[in-house]
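First up is the structure itself, then whatever we jot down about it.
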Amino acid sequence: MPKVTYVEFNGPAHVVDVPVGNKVMEGAVSNGIPGIEADCGGSCACATCHVYVDEAWRVRTGKMSADERAMLECASDLKENSRLSCQMVVTEELDGLIVRMPKSQRG
Ligand code: FES
């Protein structure tokens, strides 16, 4: 099962197994990792699942949709590598993925 590392803002890193087909957001929520609230349940309507994707993984996580891009514009602390974790599906190719929480989502 792919491992995903979630790094809290200025905090600890959590390495968890996330089943293929789950969203990156679901891996955080189901493991009680602080910093990803996912208020809308993954329907791309809240931006509380905002993360920064580590540079080495940006190509493998794919391009964002127009809906994701529009929702991200509502998030704070945007960066070039910002994504909504509910819009990234875990695959075997994402084994080792590292995402970091923005300052606005301190746990
Ligand atoms: S969980 Fe709401 S936008 Fe991702």
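The values are calculated or read from the model by the stated rules, or taken from the named source; none is laboratory data. Predicted, not measured: the structure shown is a model, and the values here were computed from it. Quick reminder, even Gly has a Cβ in these numbers, built from the backbone with ideal geometry, and neighbours come from all protein chains shown.
Which of the residues spanning region 42-74 are of a type in the set (Gly, Ala, Ser) and touching a Leu at 6+ places or on another chain (Cβ under 8 Å)?
Selection gives Ala47 alone.
Working only within region 73-86, note down all residues that are modelled with pLDDT under 95 and either within 11 Å of the chain's Cα centre (by Cα) or buried (at least 16 other Cβ atoms within 10 Å of the Cβ) (or both).
Ala75
Taking the condition away from the ligand (no atom under 13 Å from the Cβ) and either under 13 Å from the mean Cα position of the chain (by Cα) or outside any loop (DSSP other than H, G, I, E, B) (or both), does Val59 pass?
No.
Output yes when any residue across region 70-78 is near the ligand (Cβ under 8 Å from one of its atoms), outside any loop (DSSP other than H, G, I, E, B) and not small (Gly, Ala, Ser), and no when none is.
Yes - at least one qualifying residue is present in region 70-78.
Tally time: how many residues in region 87-96 are in contact with a Pro (Cβ under 7 Å, 6 or more places away or on another chain) and either under 25 Å from Asn10 (Cβ atoms) or surrounded by 21 or more Cβ atoms within 10 Å (Cβ to Cβ) (or both)?
Result for region 87-96: 2.
Just to be sure I understand the filter: pairs with C-beta atoms under 7 Å, separated by 6 or more residues or on different chains, first member in region 25-40 and more than 16 Å from Leu72 (Cα to Cα), second member modelled with pLDDT of 95 or more and not in a loop (DSSP other than H, G, I, E, B). Which pairs pass?
Gly27/Val4; Gly27/Val16; Ala28/Tyr6; Ala28/Ser85; Asn31/His14; Asn31/Val16; Ile33/Tyr6; Ile33/His14
Out of the residues in region 12-44 that are of a type in the set (S, T, N, Q) and more than 15 Å from Leu97 (Cα to Cα), state the one that is nearest to the ligand (Cβ to nearest atom).
Only one residue fits best here, namely Ser43.
Restricting region 45-56 to residues that are crowded, with 18+ Cβ neighbours inside 10 Å and closer than 23 Å to Glu93 by Cα, which is nearest to the ligand (Cβ to nearest atom)?
The residue in question is Cys49.
If I filter region 49-56 for residues that are β-branched (Val, Ile, Thr) and in a strand (DSSP E or B), do I get at least one hit?
Yes - at least one qualifying residue is present in region 49-56.
So, of the residues in region 1-43 that are part of a loop (DSSP other than H, G, I, E, B) and polar (S, T, N, Q), which turns out to be surrounded by the most Cβ atoms within 10 Å (Cβ to Cβ)?
Across region 1-43, the extreme among qualifying residues is Asn22.
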